[in-house]
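What follows is a single structure, written as structure tokens, with notes after it.
The values are calculated or read from the model by the stated rules, or taken from the named source; none is laboratory data. The shown structure was predicted, so the numbers you read here are calculated from the model rather than taken from an experiment. Note: ideal-geometry Cβ built from the backbone for every residue, glycine included; neighbour counts use all protein chains shown. All accessible areas refer to the heavy atoms of the entire protein, side chains included, with ligands and DNA or RNA removed. Shrake-Rupley method; radii C 1.70, N 1.55, O 1.52, S 1.80 Å.
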Amino acid sequence: MKGLVIIGACIGAMGAVYAAAAGQFSSTLSAQKIVDRQEGEDPFTGFRRAHAKGICVAGVFKSNGQLAAFSQASIFEKAETEFVGRFSIGGRNPTAPDLAAGVRSLALDFRMDNGERWRTAMNINPVLAVRDPASFYEQLAATAPDPETGKPSPDRIEAFFADHPESADFREWQSRFTPSSSFATETYHSVNAFLLKGEAGRETGVRWSLVPVAPIAEATLEGQDALQKELFERLDEGPVQFRFLFHVAEAEDDLNDPSQAWPTERQQIEAGIVEIVSAEPQAQGACNGINFDPLILPAGIEPTADPILHARSSAYAVSLRRRALETLLEQTK
Ligand code: HEM
């Protein structure tokens, strides 16, 4: 009887995993519903339903070999790996003014010599305000523009935060964050945690960040595309570099909760330098058709059970299907 209960529990758990992978997170919430809320009443057809405005970049990751003891992924051997990436700002509007955005992001698609790919999409916020897809769905409603004013309602946002005490770390970050004058001088975070798999079954929980090498400079930026313009000008002078830092979890850090910051004294391992050498507009760029699904991982990096991480994967697929179909229909008109 005990055996049957265990088998039943296993089948139930597997069912939940398959349902999440198929984009159904509960009896009432799906990836489609989340993306419906992200795109709003009047979607920008042909564009990403989140982080719609971006710029393609390309470059090389120069690994120093220090992470090879923790992960068997070939990218961490002492070698160089090329990537295509994308800087973006948060939001659904592909022509939004760069400087008004509350979120800046960097996504990378590493192309390993053995044919494997690793995709990571990172944000400037080190944690999220929520820890599960249902709360993320609520947050989308709470932060949506009020139909009367066309702007988000501060009262509604305040009420949402009050109902979600897990947002404390996010709010603390938000209260002290000052945007810099360049995509090149922000720090970008994985937010979700992952598992590194090393030799002899060694397993290490990590989050990662890209930390800028260039110092923050005072600059007066202007125009709708101020950050993109600044990036093109900066790349004319030379590459843009980031240190690739891995933060190692300790037993008390919850790998499945992206809303909680880990203490700053956690071990940090620098895996090498991410160097961006060129940029191009997204419309014709190599990054435009890429789905930066955070579950596209090489052998040696595995997902945690974090429900937000799995929800992201299915939401990105929904967004890609919608924008790819719209682009195709536009081309065949
Ligand atoms: C439940 C939580 C989340 C949902 C539902 C969600 C949803 C989405 C969707 C639908 C897209 C557009 C995908 C495409 O069409 O290619 C997107 C893009 C993106 N998301 Fe998320 N996201 C979530 C959390 C996060 C988190 C935690 C991060 C950062 C750590 C993040 C970073 C990004 C970035 C950087 C992009 C743009 C990727 C690119 O340049 O193509 N998202 N997100």
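Odds and ends about this structure:
- In summary, D169 fulfils each of the numbered conditions (1) under 21 Å from the mean Cα position of the chain (by Cα); (2) more than 16 Å from the ligand (Cβ to nearest atom); (3) in a helix (DSSP H, G or I) with the single exception of condition (2).
- If you filter the range 70-96 down to residues that are touching a helix residue (DSSP H, G or I) at 6+ places or on another chain (Cβ under 8 Å) and open to solvent by 60 Å² or more (accessible area, probe 1.4 Å), you find that the one that is nearest to the ligand (Cβ to nearest atom) is R92.
- Matching residues, the range 181-237, being hydroxyl-bearing (S, T, Y), open to solvent by 10 Å² or more (accessible area, probe 1.4 Å) and away from the ligand (no atom under 16 Å from the Cβ): S181, T204, T220
- A305 vs. criteria out of contact with any Ser or Thr (no Cβ under 9 Å at 6 or more places or on another chain) and not hydroxyl-bearing (S, T, Y): yes
- Any hit, the range 294-308, residues being within 16 Å of the ligand (Cβ to nearest atom) and within 20 Å of G91 (Cα to Cα): yes
- When we screen R48, R119 for residues that are of a type in the set (K, R), in contact (Cβ under 8 Å) with a residue 24 or more places away in the chain and either away from the ligand (no atom under 14 Å from the Cβ) or assigned to a strand (DSSP E or B) (or both), the only hit is R119.
- The range 173-198 residues that are at positive phi and part of a loop (DSSP other than H, G, I, E, B), paired with ones that are modelled with pLDDT of 95 or more and charged (D, E, K, R) (beta carbon under 8 Å, 6 or more apart): V191/R207
- Looking at A226, A214, A219, just one residue is in contact (Cβ under 8 Å) with a residue 40 or more places away in the chain and in contact with a helix residue (DSSP H, G or I) (Cβ under 8 Å, 6 or more places away or on another chain), and that residue is A226.
- Residue in the range 101-109 that is away from the ligand (no atom under 14 Å from the Cβ), of a type outside the set (A, V, I, L, M) and either within 29 Å of A141 (Cα to Cα) or in contact (Cβ under 8 Å) with a residue 24 or more places away in the chain (or both) present: no
- Criterion: more than 9 Å from the ligand (Cβ to nearest atom), touching a residue at least 60 places away in the same chain (Cβ under 8 Å), more than 14 Å from the chain's Cα centre (by Cα) and over 28 Å from L235 (Cα atoms) - qualifying residue of E275, E280, E326, E270: E326
- Inspection of the range 134-142 finds no residue satisfying the criterion of being away from the ligand (no atom under 16 Å from the Cβ), open to solvent by 10 Å² or more (accessible area, probe 1.4 Å) and not charged (D, E, K, R).
- The set of residues in the range 32-45 being more than 11 Å from the ligand (Cβ to nearest atom) and among the charged types (D, E, K, R) consists of E41, D42.
- Per-region count, the range 273-310, residues over 16 Å from G205 (Cα atoms), surrounded by fewer than 17 Cβ atoms within 10 Å (Cβ to Cβ) and modelled with pLDDT of 95 or more: 6
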